[in-house]
Amino acid sequence: MSKDLFKYFKNIETSIVNCIGRISNALEQIDTISEQVSVGSSQVSNGAQNLAQGATEQASSVETLSSSIN
């Protein structure tokens with residue numbers, strides 16, 4: 001009986017250790033992916049700012065050109 005009980009708890013321990021390993025792995029993957037998302041969102045933000053700046057400069061150039069024609 002005692003050996004059976006020990007084996008039972010050993011199986012539970014092994015299962016818990018395996019679960020902890022899987023959860024740890026999942027959390028590491030989430031951390032990596034969240035860093036990639038952060039980098040990607042910064043790149044999108046920078047691109048949007050550059051696009052807005054370019055559009056503003058083009059609008060200014062068109063306005064200057066339009067004024068000089070009139």
Taking a probe of 1.4 Å, how large is the accessible area per residue of the chain, in Å²? 91 Å²
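If you place +1 on the Cβ of every Lys and Arg and -1 on the Cβ of every Asp and Glu, how big does the dipole about the Cα centre of the chain come out, in debye to the nearest 20?
Dipole about the Cα centre, nearest 20: 580 debye.
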Please list the three semi-axes, largest first and in whole Å, of the ellipsoid equivalent to the chain, using sqrt of 5 times the eigenvalues of its alpha carbon gyration tensor. 67, 5, 4
How much of the accessible area of the chain, probe 1.4 Å, is carbon plus sulfur, in whole percent? 61 percent
Among Ala48, Ala26, Ala59, determine the one that fluctuates most according to a GNM of the chain built with springs between C-alpha atoms less than 10 Å apart. Ala59
Angle, helix 2-69 long axis vs. longest principal axis of the chain, Cα atoms, 0 to 90°, nearest 10? 0 degrees
Which of the trypsin sites (Lys or Arg not before Pro) across the chain are loop residues per DSSP, with 16 or fewer other Cβ within 10 Å? none
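The values are calculated or read from the model by the stated rules, or taken from the named source; none is laboratory data. Everything numeric here is computed off the predicted structure, so don't read it as measured data. No Cβ is skipped: glycine too gets one built from the backbone with ideal geometry, and neighbour counts run over all protein chains shown. These accessible areas exclude ligands, DNA and RNA; they are computed on the full protein's heavy atoms, side chains included. Shrake-Rupley method; radii C 1.70, N 1.55, O 1.52, S 1.80 Å.
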